[in-house]
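The structure appears right after this line, and notes come after that.
A short reminder: the numbers here are calculations on the coordinates, not readings from a lab. Being a predicted model, the structure only gives us computed values, none of them experimental. Positions of Cβ are backbone-derived with ideal geometry, glycine not excepted, and every protein chain shown enters the neighbour counts.
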Amino acid sequence: MPIATVNPATGETLKTFDALGEEAVRERLALADAAFAQYRTTSFDHRAELLGNAADLLEADQEAVARTVTTEMGKTLAQARAEAAKCVKAMRWYARHAEHLLADEQPAPDDVADSGAVRAFVRYRPVGPVLAVMPWNFPLWQVIRFASPALMAGNVGLLKHASNVPQTALYLEELFRRAGFPAGVFQTLLVGSGAIEGILRDRRVAAATLTGSELAGRSVASIAGDEIKKTVLELGGSDPYLVLPSADVERAARTAVTARTQNAGQSCIAAKRFIVHEAVYEAFAEAFVAGMRALRVGDPMAADTDVGPLSSESARSDLEELVDDALHRGASALCGGRRPPDQAAGWFYEPTVLAGVDRGMRIHHEEAFGPVATVYRVADLDEAITLANDTSFGLSSNAWTRKEDEQQRLIRDLVAGGVFFNGMTASHPALPFGGAKRSGYGRELAGHGIREFCNITTVWYGPPNG
């Protein structure tokens, strides 16, 4: 795949970039290694000052960088602005909290004495340069939620971004440089996916984090495993959205529209499978379909657009194949199911709701990365849970019920990295984020995320005089 900015709303190639050669990559790895040797010894106060500078700069750049994001990957300008603002919030959160999150841990005094020590504690130390292989769908947020904790822990970052967002990737390197971070602490590597193995196998690269497809995750995990290097993977999702009889059905349907179509549905944590109790199925389906039909599809730069284009022509083709397979096998489209007839250029697809989906259809098992929802009717909570877990993914889940006993049952039985009640899944810097099953392993954000790329070190002192 060429490294290029191609406007998804028009299909026009706006700018192309040459990939870094092997010698240039080696030079950047050497710079990262040298930067880590110095940066790891800096104080939390100094790192927090630099990260705060970056937050201030991004806040000032919000409009310009949002336009770059929209141009490169197609999300609406309003959503791009919101993504930039979320990044600012995360940087400031880690600048405030990192020192506390990585403070020395003190075992109970009795346990210290029982170990034979006069003093013992646990210290979190940085591991070194971390390779971040990041996707295009949230091209600012995915990077910042890695970089903020990693840099505050004393690590340095090497960004291999998706090849269709090169200008955003270069902006991020420049952002950290302008903020005052030393040369080499955060670098963008404009390379194709074929270069990842060589970078990850380099002795100077300590670990890797990847957000992307299951196929990409398998590749990075296998290479890192061969090299005995730590990885964190956030992969695909096919999140269930359960609506039970005690729910506020109108609000659940209204939220469902946003949960499925934000970022044109191109989100791993988007609700994708809507599992509705038969007692409220008709009311929910009617309101949900009406909400999906009302969405305006079009120019992502326009203020009145709700859903922009998909990121690429191949992304739309993949989505069309899933929908066509379902329709051919007996599913019905309650709305959508086609390209918008008034959008001749660009990679647009109508918001779609499919009913009558069963296990024989690809869309039941595969992730639909676009504004396509599947709705299922179930008879009771047991059937809802069974269907919710009938997937190889386990990133997050949503459930609408006001009954405490049902909520506790869902917390116990849904196999996912998150259970969100009476709302939609969203990430926040104070809450850990990650999945189960083939959605990956490890956690980002919160204290769990900042400790993923730390050497968790036991420090033990024996009696000084024997």
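Efficiency by 1/(1 + (r/R0)^6): what FRET value for Glu197 and Ala113, r their Cβ-Cβ distance, R0 = 41 Å, to the nearest 0.05?
Details: r = 49 Å, r/R0 = 1.19.
Here the calculated transfer efficiency is 0.25.
How large is Rg/Rh for segment 239-428, to two decimals, with Cα atoms and a Kirkwood Rh? Provide the component values of the computation, followed by the final result.
Working: Rg = 15.7 Å, Rh = 16.5 Å.
Computed over Cα atoms, the ratio is 0.95.
I need the Debye-formula profile for the chain: one equal scatterer per C-alpha, no solvent, reported as log10 I(q)/I(0) at q = 0.11, 0.12 1/Å, two decimals. These q points yield log10 I(q)/I(0) values of -0.91, -1.05. Kirkwood-type hydrodynamic radius, segment 8-85: 15.8 Å, calculated from all non-identical alpha-carbon pairs.
Hey, with R₀ at 56 Å, roughly what FRET efficiency would Phe121 and Ser317 work out to, going by the Cβ-Cβ distance, to 0.05?
On the way: r = 56 Å, r/R0 = 0.99.
For R0 = 56 Å, the calculated efficiency reads 0.50.
When both segment 247-317 and segment 183-211 are represented by their alpha-carbon centers, they are found 36 Å apart.
For the pair Leu215 and Glu22, the difference between a 0.36 nm per residue extended length and the Cα-Cα distance amounts to 67.0 nm.
Here the dipole of the chain is about 680 debye; that uses its Cα centre as origin and unit charges on the Cβ of Lys and Arg (positive) and Asp and Glu (negative). Enclosing the Cα atoms of segment 363-408 in their convex hull gives a volume equal to 103 cubic angstrom per residue. Cross-linked pairs Lys86/Lys160; Lys15/Lys437; Lys160/Lys272; Lys15/Lys272: Cα-Cα separations exceed 31 Å for Lys15/Lys437; Lys15/Lys272. Treat segment 1-133 as a sphere of radius equal to its Kirkwood radius over Cα pairs and apply Stokes-Einstein at 10 °C in a medium of 1.306 mPa s; give the translational diffusion coefficient in µm²/s, rounded to a whole number. This corresponds to a translational diffusion coefficient of 83 µm²/s. For segment 239-428, the share of DSSP beta bridges that are antiparallel, to the nearest 5, is 15%.
Building the convex hull from the alpha-carbon atoms of segment 79-128 and averaging its projection over directions returns 5.6 nm².
Using Cβ counts within 10 Å as a stand-in for footprinting exposure, how do Asp306, Asp45, Asp325 rank, fewest first? Intermediate values should be presented prior to the final figure.
Working: Asp306 22, Asp45 9, Asp325 15.
Ascending number of Cβ neighbours within 10 Å: Asp45, Asp325, Asp306.
Sorting His100, His364 by the number of Cβ atoms found within 10 Å of their own Cβ, with the fewest placed first, yields His100, His364.
Applying 1/(1 + (r/R0)^6) with R0 = 41 Å to the Cβ-Cβ distance of Ile411 and His100 gives a FRET efficiency near 0.90. When each of Val112, Val289 is scored by the number of other beta-carbon atoms lying within 10 Å, the sequence from fewest to most is Val112, Val289.
Two tests apply to each whole DSSP H helix in the chain, Cα reach of 15 Å or more along its axis and mean Kyte-Doolittle hydropathy of at least -1.0, and the ones passing both are 22-39, 44-60, 62-73, 77-101, 141-152, 166-178, 214-227, 249-261, 281-293, 313-328.
I'd like to know how segment 191-325 sits against the 2.2 N^0.38 Å rule of thumb: what's its Cα Rg over that expected value? Intermediate values should be presented prior to the final figure.
Details: Rg = 19.8 Å, N = 135, 2.2 N^0.38 = 14.2 Å.
Here the Cα radius of gyration is 1.39 times the empirical estimate.
Between Trp460 and Ser332, the simple spin-label model (points 7 angstrom out along Cα→Cβ) gives 6.9 nm. Label separation (Arg251 vs Phe421): 1.3 nm, computed from points 7 Å beyond Cα along the C-beta direction.
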